[in-house]
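Asks: Please read through the structure below; I'll follow up with questions.
The values are calculated or read from the model by the stated rules, or taken from the named source; none is laboratory data. Everything quoted here is computed from the prediction, not taken from an experiment. So basically every Cβ, Gly included, is an ideal-geometry build from the backbone, and we count neighbours across all protein chains shown.
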Amino acid sequence: MTFINNFVLALFLYFPEDKSEYIPAFITSFFFLVGAILTMKLIIRFSKKEALKTKQLEEEIMKKNGNKQHSIK
């Protein structure tokens, strides 16, 4: 059983002797991290704008419904 575990780990873990091989992986990871952060900020900004629009629409509907309810009573 340990042979299978070691074999499976060896497929995914690779520690090169030449540490310069880490540089491209670091650069790629950095770009993906920056892209993920920018995407998250964009989603949050869009979400805030949509929440504001929704709140304004809700207030407008509440004013219309409020006026109708007062006239019925």
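Asks: Out of curiosity, is Lys64 at pLDDT 95 or above and part of a helix (DSSP H, G or I)?
Replies: no
Asks: Give segment 7-24 a look and list any residue that's of a type outside the set (Ser, Thr, Tyr) and surrounded by 10 or more Cβ atoms within 10 Å (Cβ to Cβ), or say none.
Replies: Correct list: Val8, Glu21.
Asks: What are the residues in segment 1-47 that are polar (S, T, N, Q) and modelled with pLDDT of 85 or more, if any?
Replies: Selection gives Ser20, Thr28, Ser29, Thr39, Ser47.
Asks: Then there's this: So, Glu50, is that one within 30 Å of the chain's Cα centre (by Cα), in a helix (DSSP H, G or I) and at pLDDT below 95 or not?
Replies: The answer is no for Glu50.
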